[in-house]
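*Asks:* Have a look at the structure that comes next, please.
The values are calculated or read from the model by the stated rules, or taken from the named source; none is laboratory data. Bear in mind that the values here come from a model prediction, so they are computed numbers and not experimental data. Because the Cβ atoms are built from the backbone with ideal geometry, glycine has one as well, and the counts that use them run over all protein chains shown.
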Amino acid sequence: MPPRLLALGDSAWTLEFGSTIDPAINARVMGLAERVGQARASEPLMASVTDVVPTFRSLTVHYDPLATDAAALGERLRVLAQAGGQDMRPGRLWHLPVCFDADFAPDLPRLAETKGLSPDEVIQRLLAATFHVYMLGFQPGFPYMGGVPPELHMPRLPAPRQKVPAQSLAVTGEMCSVYPWESPGGWNLIGRTPVVLFDLRHADQPALLAAGDDVRWYAVDRTTHDALAASIAQGLPRETFLKAPGA
């Protein structure tokens, strides 16, 4: 379907590519984000763009309304949206550790029992999957990642927890995420990673993950989890967990 151009107040345009969570739709979103980024560096009309925000199915482009012709900018964005399909640079591939210790995974036994699997079988299915970061939202650095195997889909909790520990790995439906902060939350907690997903020490990019990235998990025991957490607190480079495509 052709993208819909919608005004978001007087300082942003939103382009909608569909109404569902779908890899092909999200690829169109990310392709447009890539083209907008390129145009900002070469087209005077696009110099007023201040931010681009991708979601599952749309891209919002924020701009300075005092520095551009909003209508002309909207039409240019419409042309860019129709100019290409899924052309974009591939995202990064992260291999991130997760500990499935019972203290970190209070909902893992219930998920396994509901699906007629053992906890180990659930873990192996999760470790075999590749998760795609569609967008960030809810709180700084919170990644919405698709890729939970269909046989593991679970609804949200009937009532959310008042406190979910930071770095908890959680699933609901086809989505997987990590809570970067202690907060209320209603997703199913199945593990915890020592990796900090939002770190202000990295001023240029506090959020570890970005839309378009992929994540694979590998299991570690509690001792390794704690050792990695200590190393990360002392400055272990993020690139430690970044892998080349195909790795």
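*Asks:* Just a yes or no: is a residue in the range 107-118 out of contact with any Pro (no Cβ under 8 Å at 6 or more places or on another chain), closer than 21 Å to Arg57 by Cα, surrounded by fewer than 19 Cβ atoms within 10 Å (Cβ to Cβ) and not assigned by TED's automatic domain parsing to the domain that holds Gly37?
*Replies:* No, there is no match, as no residue in the range 107-118 is out of contact with any Pro (no Cβ under 8 Å at 6 or more places or on another chain), closer than 21 Å to Arg57 by Cα, surrounded by fewer than 19 Cβ atoms within 10 Å (Cβ to Cβ) and not assigned by TED's automatic domain parsing to the domain that holds Gly37.
*Asks:* Now for a different question. Let me confirm something: among Val29, Val61, Val53, which residue is surrounded by 14 or more Cβ atoms within 10 Å (Cβ to Cβ), farther than 20 Å from Leu209 by Cβ and under 23 Å from the mean Cα position of the chain (by Cα)?
*Replies:* Exactly one of Val29, Val61, Val53 is surrounded by 14 or more Cβ atoms within 10 Å (Cβ to Cβ), farther than 20 Å from Leu209 by Cβ and under 23 Å from the mean Cα position of the chain (by Cα), namely Val61.
*Asks:* Among the candidates Val195, Val171, Val122, Val133, which residue alone is assigned to a loop (DSSP other than H, G, I, E, B), under 29 Å from Ser231 (Cα atoms) and among the β-branched types (Val, Ile, Thr)?
*Replies:* Matching residue, one of Val195, Val171, Val122, Val133: Val195.
*Asks:* For the structure I just gave you, tell me whether Ala39 is surrounded by 13 or more Cβ atoms within 10 Å (Cβ to Cβ), in a helix (DSSP H, G or I) and within 25 Å of the chain's Cα centre (by Cα).
*Replies:* Considered against the rule, which asks whether it is surrounded by 13 or more Cβ atoms within 10 Å (Cβ to Cβ), in a helix (DSSP H, G or I) and within 25 Å of the chain's Cα centre (by Cα), Ala39 comes out as yes.
*Asks:* Name the single residue that is surrounded by the fewest Cβ atoms within 10 Å (Cβ to Cβ) among those in the range 200-244 being basic (Lys, Arg) and outside any helix (DSSP H, G or I).
*Replies:* Among those that are basic (Lys, Arg) and outside any helix (DSSP H, G or I), it is Arg201.
*Asks:* I'm checking my understanding of the structure. Among residues of the range 1-26 that are assigned to a helix (DSSP H, G or I) and surrounded by 19 or more Cβ atoms within 10 Å (Cβ to Cβ), which one is nearest to the chain's Cα centre (by Cα)?
*Replies:* Once the filter is applied, the top-ranked residue is Asn26.
*Asks:* OK, next. Among the residues of the range 126-145, write down those that are touching a helix residue (DSSP H, G or I) at 6+ places or on another chain (Cβ under 6 Å) and farther than 22 Å from Asn26 by Cβ.
*Replies:* none
*Asks:* Among the residues of the range 43-69, which ones are in contact with a strand residue (DSSP E or B) (Cβ under 6 Å, 6 or more places away or on another chain) and among the hydroxyl-bearing types (Ser, Thr, Tyr)?
*Replies:* Scanning the range 43-69 gives Ser48, Thr50, Thr55, Ser58, Thr60, Tyr63.
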